[in-house]
Amino acid sequence: MTITIYPIPLDVNPNISGSMPNINLTASSLDFGFALRGLKSSHPARERDPALDFYYYCNQSDRLGNPEKGHLSFKDSFTISGAWLNVSIFSEPLEFDFEFGEDAAFVLGFVNDEAGSLLEFGFEIEADFLFEIPKTAFIKWSKVGTMDFTRDKTNKAGQMPMEWAGTVTNILKLGGKVIVYGGNGVSILTPSTIYWGINTIHRVGIMGRDAVAGNEFVHFFVDQTGRLYQYDSQLHRLGYEEFLKNMTNMVLSYDPRNKLLYICNGTTGYVYSPDTQSFGEGPVNITGIDYQNQTEYAVSPSTISIPSFEIWTDTQDMGYRNGKQIYELDFALDVTENIEAAVRMRMNKAEAFTQTSWYAVDPRGQVFIPCFGYEFQIGLRSSVYSYFELDNITIKGDVNAY
């Protein structure tokens, strides 16, 4: 028969972490006792009745009075040597095969591992423990021209902590400086002889590991409150937290040629233009953009789809709180694709907007959409993604007396 002994977690599963040079791990004897539960054999055989089970504890005396005759002991020791760093040791279940003689033939049971299993495991460690707290908020620099980070008498390699806790997630170059991004801050490192000067410009930290993008001239990042920031020679708060604060696992990608920032997480995507300071919906799954030999390469885990272009004005009341009747909209824009327009209106500032259907804008830039309300939003859309600028909108209609 095979008997499986399951160790007690609090006493048996050691978790050893740290830097331990020249380790000699020597185990002491392994002693444990266990309980067997079963039913006495009888003829004819009958169905087992759990109420008739009895227990035999192997660490008790036998029928002749000899103590602990069933107490198993492993006296052989073992040694583990070497340098350990951040090592975890977890014990696995121990399995042993036992053969019982004629005197024990009445035993038909199994290990009572819920209450009767006893397992004692002792070991000795002979070494100088050098426990170190993980330096997650540290940066290191190597010797010039090599990947050697060893700190020695040349004093060319070194390390330093940030002024904030947490984890360093990104290190990006910006001009002659280095910007360090982490879970609890953003800091500028400026070289000074063999050291680095540090200036922390943001103490909130970025949204995630990939919530930062840029090149040597400009950086963009989203902090843990969902605010979008731009940093060139100064830190600019762009905002848009009403769109970004609920995005998880976001990835920022910067297109330096078109100067567009993509913010995606697989289900939601936005595009920001620093030149026009415009923010709108875009592809949802872009994870990287780069150029080689004048060819643009976009990285994505799946097919990239471009959503139809749609833009809306802010809420307008035309300078009057009275009711207004709109008949016609005239758009001044330069675009060859077909454009459609719609109007959102409402009668109460506490209510949601009601939207009209979409109507085609004619070649003159005119569209007729009769509607009534106190506040309005004007929208344009195109089924083909194309760049165009809207110069102005002329709204024709009447203002009521009330």
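Values in this text are rule-based calculations from the coordinates and carry no lab data. A quick note: this is a predicted structure, and the numbers were derived from the prediction, not measured. Glycine also receives a Cβ, built like all others from the backbone with ideal geometry; neighbour counts cover every protein chain displayed.
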In segment 284-299, anything over 10 Å from residue 257 (Cα atoms), loosely packed, with under 14 Cβ neighbours inside 10 Å and in contact with a strand residue (DSSP E or B) (Cβ under 8 Å, 6 or more places away or on another chain) is listed as 297, 299
Which ones in segment 369-402 are surrounded by 11 or more Cβ atoms within 10 Å (Cβ to Cβ), touching a Leu at 6+ places or on another chain (Cβ under 8 Å) and not β-branched (Val, Ile, Thr)? 380, 388, 390, 396
Quick check: is even one residue across segment 339-360 over 44 Å from the mean Cα position of the chain (by Cα), surrounded by 12 or more Cβ atoms within 10 Å (Cβ to Cβ) and aromatic (Phe, Trp, Tyr)? no
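Residue by residue through segment 200-236, note down the ones that are in a loop (DSSP other than H, G, I, E, B), of a type in the set (D, E, K, R) and either under 22 Å from the mean Cα position of the chain (by Cα) or over 17 Å from residue 274 (Cβ atoms) (or both). Step through it out loud before you land on a result.
Going residue by residue through segment 200-236, those that are in a loop (DSSP other than H, G, I, E, B) are 203-205, 207-211, 215-218, 224-227, 232-234.
Those still in the list that are of a type in the set (D, E, K, R) too: 203, 209-210, 216, 227, 232.
Scanning segment 200-236 gives 203, 209, 210, 227.
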Assess whether residue 227 counts as being over 15 Å from residue 172 (Cβ atoms), surrounded by fewer than 13 Cβ atoms within 10 Å (Cβ to Cβ) and among the charged types (D, E, K, R). no
